[in-house]
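Here is the structure we will look at.
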């Protein structure tokens, strides 16, 4: 019996050792597969980076060639007839120079016009935002006496962290802007967290805040069954007694009342 137990134990040990060896081999194979996958991914990324940089280099070289061609065709100053032996070539270059100067003047006028229009649009948009902000501000001040302090604190934080995105978002929100001021004023830690972020993160965080404040609260719908009449406080309905109607030719009223009482 003991020999059989020992044999069985030996077989179990051999099987266990075999299982452990298989597990170790499987782990090693998995590790090798993962390493190969990482190497393949790394190779693909390296190839993609190389091709992207190669395309950028070619684009830069092409731009340099174009700039060089343009610089050769550009006449830098008005042609002097004393520099030409060929009258036709002089006339050709002088006409090209005139056209070139006209194009410069036209481009400069267009650039100034675009700047002026953009500036006017910006001022008009800012004026509209400020008017809407002031209108909403009057409503919030009635509810929050510390509103002026909130505005001052936001201005201070914006100046300390150089975070104009906060004020821009507040004004862009128009009538909702004062609500943002009130929220940030009552949540100074969040205000400082937004201000200390990068410009892109500030825009993102302020956008999330605006969306949160504009979101309507979700109305909770009760799943409880409708209340019964007694739960609503109404008195229970009294069943009318049954029987023959009162007939004074056949009975007196006390007799009728006694008969009805017996039926209750």
Worksheet item: Does region 123-213 come out rounded, prolate or oblate, given a ≥ b ≥ c as the square roots of the eigenvalues of its C-alpha gyration tensor, rounded meaning a/c under 1.5 and, failing that, prolate meaning a/b above b/c?
Response: oblate
Worksheet item: Once the Cβ-Cβ distance between residue 135 and residue 52 is put in as r, and R0 is 51 Å, what FRET efficiency do you end up with, to the nearest 0.05?
Response: 0.50
Worksheet, complete the sentence: So, with points 7 Å from each Cα along the Cβ direction, the residue 75-residue 200 label distance in nm works out to 4.8
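Read-outs throughout are calculated quantities, based only on the coordinates presented, and are distinct from any laboratory measurement. Keep in mind the model is a prediction, meaning the values are calculated, not measured. No Cβ is skipped: glycine too gets one built from the backbone with ideal geometry, and neighbour counts run over all protein chains shown.
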